[in-house]
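Since the structure comes first, as structure tokens, the remarks are kept for the end.
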Amino acid sequence: MIAITSINELKAHFDDSPYNEFCLRLNAWCRSTKSIQYFSDSDSWYITNYIDDSEVEYGSTKELIENEPLIIKAMASNAFFKD
């Protein structure tokens, strides 16, 4: 697993796969896995949360940052990883 510590680092770890999987460490034993897609041409995001099968779209990186505080806090705490 690769630790992701910033939005720019997150953007750098995307490939052509529609299933770029990341995980958020919730505590020592639990984690939340997410499939995240980033579309650089439109700066938009699509996230599937495996924990509850919810899906969300964000039209910009700013919108992602404003609406995904757990991901942002996990990056700052070295608790967000690329699977």
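Read-outs: derived from the displayed coordinates by stated rules, not from any lab. Model, not experiment: these values are computed from the prediction. Here Cβ is always computed from backbone atoms with ideal geometry, including for glycine, and neighbour counts include all displayed protein chains.
Residues Trp45, Trp29 in ascending order of nearby Cβ atoms (within 10 Å, fewest first): Trp29, Trp45. The relative contact order of the chain, computed from alpha carbon pairs under 8 Å that lie at least 6 residues apart in sequence, is 38 percent. As a proxy for reagent exposure, ranking Ile47, Ile2, Ile65 by other Cβ atoms within 10 Å from fewest up yields Ile2, Ile65, Ile47. Against the compact-protein benchmark of 2.2 N^0.38 Å, the Cα-based radius of gyration of the chain scales to 0.99. With helices as the sole contributors, the chain gives -6500 deg cm²/dmol at 222 nm; each DSSP H run of n ≥ 4 counts as -39500 (n - 2.57), and the sum is divided by every residue.
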